[in-house]
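Can you keep this structure in mind? I'll have questions shortly.
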Amino acid sequence: MQQKPSGPLRGCITVPGDKSISHRAVMLGALASGDTRITGFLMGEDCLSTIDCFRKMGVEIEINDTEVVVHGVGLHGLSEPEGPLYTGNSGTTTRLICGILAGQPFTVTVSGDASIQKRPMGRVIGPLREMGARIHGRDDNFCPLTLYPSELYGMEYTLPVASAQLKSAILLAGLYAEGQTTVIEPTPSRDHTERMFRALGVEIETNGNVITLDPPEDLHAIDIAVPGDISSAAFFLAAGAIVPRSELTIRNVGVNPTRTGVIDVLRAMGADITESNHLDGAEPVCDLTVRHSALHGTEIGGAIIPRLIDELPVIAVAAAFAEGTTVIRDAAELKVKESNRIAAMVTELAKAGVDIEETADGMIIRGGQTVHGADFATYGDHRIAMSLAVLALAADGASRIADPEVVSISYPGFFDTLDRLGG
Ligand code: S3P
């Protein structure tokens, strides 16, 4: 599709529900005793993959216009699916479900699309095996993965990477293990699993980087209100910051501190972002307003990386419009996302004339020069597509975005919302 440079973006929007929380709401709702009513659920392809997998294991899940109702079968109520479980493009579904499947009394195979089949699963296979799981993966690292019935034992495990998917897979297996399960993180990653466990009555303690879970008898179903996804809001925060004369508000955005690195970094670059209407619940939410302002380069690395890992592509776009140099380091995990996001952004921003250099664990962007519209590839990656669409709004000349429909993985309706704002 063609994306022309845009006039100011103005107005008030909401973004779809948080992807990470939507997945977890279905998974924990399925394992709970009783019904879970989920409002604000993200009807994106990834979360629909999660619903599909649990339906195949006998969980009744109703999808209405605005809500999803999961009729929980209890911790030990899943049934053997007739065939393999298909997780589509979703890393969260694939990795988290392995933790649950490791504790089931049946054999089951899991696989996804071409991208999922290239993503490393050894990081999940290793610790689950240490807990007693029997898992077979292609080359011990890739989908398809087959899990066989086994006895699980709690353990203490230090994560080699700050990954919430890995942490959550181990904690989910811990539901079925004998004894306590302890996970130690190198730096804190998103803690939605821990928060939801607590809300469902599971005994789970967090002490700094150490999380300990006691296996529960059962999970008590609750109603879950999913906040707007800050990872989706991030595209509009960046767009509002770089498109002259913009001022826009995004209502009801989840601002869990393990997710708000993008706000910190954009502010450090000079962005004008204000917060209002804070509401504290299991997951904190607020409204975010962004106004255009001059941006300057910054350094991004260390403990902030897990707090903004999915936002780095659009932060790279903001950096292209910022005066001076932005350095992104400690972000090698970007190479094993839905695409190699370092290579993808370096290649595409270079097409737009941006002075950008790939490094071993990130990139260096020398911004502030004219950014040109171009013919952009999206690598089948929803976040690359939306990041380049944001770039196109503030570029000089029109752009073409290949495969724009890929945004429906996490943000169906992204381009309509952009249109409504004047983009
Ligand atoms: C997610 C964790 C992150 C993130 C992904 C969603 C989650 O992945 O990139 O989009 O829901 O737990 P990693 O755990 O691999 O860092």
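The values are calculated or read from the model by the stated rules, or taken from the named source; none is laboratory data. As the structure is a computational prediction, the values presented were derived from the model and not from experiment. Glycine also receives a Cβ, built like all others from the backbone with ideal geometry; neighbour counts cover every protein chain displayed.
For the range 1-105, list the strands (runs of 3 or more DSSP E) that sit wholly inside it and hold at least 3 residues that are not aliphatic (A, V, I, L, M); which are they?
Result: 10-14, 33-39, 67-73.
Which one of these does residue 129 not meet: (1) more than 15 Å from the ligand (Cβ to nearest atom); (2) not in a helix (DSSP H, G or I)?
The failed condition is (2).
Shifting gears a bit: Is there any pair with a first residue in the range 95-124 that is more than 18 Å from residue 333 (Cα to Cα) and a second that is of a type in the set (Lys, Arg) whose Cβ atoms are under 8 Å apart and which are 6 or more apart or on different chains, and what are they?
none
Being at pLDDT 95 or above and within 16 Å of the ligand (Cβ to nearest atom) narrows it down to one of 192, 136, so name that one.
192
Go over the candidates 31, 9, 78 one by one and state the one that is over 25 Å from residue 251 (Cβ atoms) and buried (at least 23 other Cβ atoms within 10 Å of the Cβ).
Only one candidate qualifies: 31.
Among the listed residues 170, 211, 230, which satisfies the condition of being closer than 22 Å to residue 77 by Cα, within 16 Å of the ligand (Cβ to nearest atom), of a type in the set (Val, Ile, Thr) and in contact (Cβ under 8 Å) with a residue 40 or more places away in the chain?
170
Assigned by TED's automatic domain parsing to the domain that holds residue 127 and either modelled with pLDDT under 95 or in contact with a helix residue (DSSP H, G or I) (Cβ under 9 Å, 6 or more places away or on another chain) (or both): is that true of residue 211 in this structure?
yes
Restricting attention to the range 174-185, which residues are within 15 Å of the ligand (Cβ to nearest atom) and either of a type in the set (A, V, I, L, M, F, W, C) or surrounded by 23 or more Cβ atoms within 10 Å (Cβ to Cβ) (or both)?
183, the sole residue that qualifies.
Would you point out the residue of the range 287-317, among those that are surrounded by 22 or more Cβ atoms within 10 Å (Cβ to Cβ) and over 30 Å from residue 88 (Cα atoms), that is nearest to the ligand (Cβ to nearest atom)?
Among those that are surrounded by 22 or more Cβ atoms within 10 Å (Cβ to Cβ) and over 30 Å from residue 88 (Cα atoms), it is 300.
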